[in-house]
1. Look through P4, P24, P69 and report the one residue that is under 24 Å from the mean Cα position of the chain (by Cα) and over 24 Å from I110 (Cα atoms).
2. Condition first: of a type in the set (F, W, Y) and within 12 Å of A70 (Cα to Cα). Now tell me which residues in the stretch 1-25 satisfy that.
3. Report yes if T42 is open to solvent by 50 Å² or more (accessible area, probe 1.4 Å), in a loop (DSSP other than H, G, I, E, B) and modelled with pLDDT under 90, otherwise no.
4. Does the stretch 61-76 include one or more residues that are charged (D, E, K, R), within 25 Å of C128 (Cβ to Cβ) and not in a loop (DSSP other than H, G, I, E, B)?
5. Would it be correct to say that M32 is open to solvent by 50 Å² or more (accessible area, probe 1.4 Å) and touching a Pro at 6+ places or on another chain (Cβ under 9 Å)?
6. From the list R166, R105, pick out the single residue that is among the charged types (D, E, K, R), modelled with pLDDT under 85 and either within 30 Å of F16 (Cα to Cα) or outside any strand (DSSP E or B) (or both).
7. So how many residues does the stretch 77-92 have that are under 28 Å from V111 (Cβ atoms) and open to solvent by 40 Å² or more (accessible area, probe 1.4 Å)?
8. Restricting attention to the stretch 112-130, which residues are assigned to a strand (DSSP E or B), of a type outside the set (F, W, Y) and touching a His at 6+ places or on another chain (Cβ under 9 Å)?
Amino acid sequence: MTRPDDVLFRARVETFALVRKLLPIALLAGAMVGPLYRFEPTVAMWISAVSFLVILVGLLLVSRLPLYPAHTFGIEYRFEEEPFDTGRRQCVRCSVLAESGTHRRYARQIVVLGVPLHTLEWGSNDFCGDCVALGDAVDSRPMDERTAVPDPTPTQSTAREPDRSRDVKQERERERATGSPSGGEMRSDGEPPRLERARRIDRSDETTALELRRAFD
């Protein structure tokens, strides 16, 4: 269960988000003005120029990383995935050899202010298309539906469950064919893409925790 929203938590989130927005401006201003108070004007000008370029390159590199929420500190787990359609790979969930599916990469990282500074550990797993579609169908249902005891009498919603899984699988195949995942590309409405958000892992789920251990082995 994710933490319920409240005033203190929202204040913390917004404060760190504001700090992360203002920090690049403060660093660039400090690089330009700071050396003037410590060195001769001629030397300070060169130091300011070099410091400004170094910080600018660092900010450019950070902007290309998948970022966590700004209030995130410590060790975090994230994943990213891409489809595969070459070779036969064993699904980590059902152990079936699949010719197409999803390749998922995991990373254990040190995070400060939502920025991944160092990757401590990484690994990967492969999933067949059926397991990925089934997982997406389960995640899209409300929590009370996931934990409720199934009714042995078939209903209209359970009859449509295979269709939902098939629709999810077809949608993934269309994205794979067009080569337009929902990442850092131009959106259909013409707006520029936002910074990519890191996809965090819920280690409280036993299946996910087991898959994570297998990936890091």
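The values are calculated or read from the model by the stated rules, or taken from the named source; none is laboratory data. Not measured: the values here are computed from a predicted model. Here the Cβ positions follow ideal geometry from the backbone for every residue, glycine too, while neighbour counts run over all protein chains shown. Heavy atoms of the whole protein, side chains included, go into the accessibility calculation; ligands, DNA and RNA do not. Shrake-Rupley method; radii C 1.70, N 1.55, O 1.52, S 1.80 Å.
1. Details: P24 fails: over 24 Å from I110 (Cα atoms); P69 fails: over 24 Å from I110 (Cα atoms).
Matching residue, one of P4, P24, P69: P4.
2. The initial filter retains those residues of the stretch 1-25 that are of a type in the set (F, W, Y), namely 9, 16.
The one that is of a type in the set (F, W, Y) and within 12 Å of A70 (Cα to Cα): F16.
3. Details: open to solvent by 50 Å² or more (accessible area, probe 1.4 Å): yes; in a loop (DSSP other than H, G, I, E, B): no; modelled with pLDDT under 90: yes.
For T42, the condition - open to solvent by 50 Å² or more (accessible area, probe 1.4 Å), in a loop (DSSP other than H, G, I, E, B) and modelled with pLDDT under 90 - is not met.
4. Of the residues in the stretch 61-76, the ones charged (D, E, K, R) are 64, 76.
Still in the running and within 25 Å of C128 (Cβ to Cβ): none.
Within the stretch 61-76, none of the residues are charged (D, E, K, R), within 25 Å of C128 (Cβ to Cβ) and not in a loop (DSSP other than H, G, I, E, B).
5. Numbers: open to solvent by 50 Å² or more (accessible area, probe 1.4 Å): yes; touching a Pro at 6+ places or on another chain (Cβ under 9 Å): no.
Spelling it out, it is not the case that M32 is open to solvent by 50 Å² or more (accessible area, probe 1.4 Å) and touching a Pro at 6+ places or on another chain (Cβ under 9 Å).
6. On the way: R105 fails: modelled with pLDDT under 85.
Sole residue among the options that is among the charged types (D, E, K, R), modelled with pLDDT under 85 and either within 30 Å of F16 (Cα to Cα) or outside any strand (DSSP E or B) (or both): R166.
7. Residues that pass the stated criteria total 4.
8. Quick first cut of the stretch 112-130, residues assigned to a strand (DSSP E or B) only: 112, 115-128.
The next check asks that each one be of a type outside the set (F, W, Y); those that pass are 112, 115-121, 123-126, 128.
S124, N125, D126, listed by residue number.
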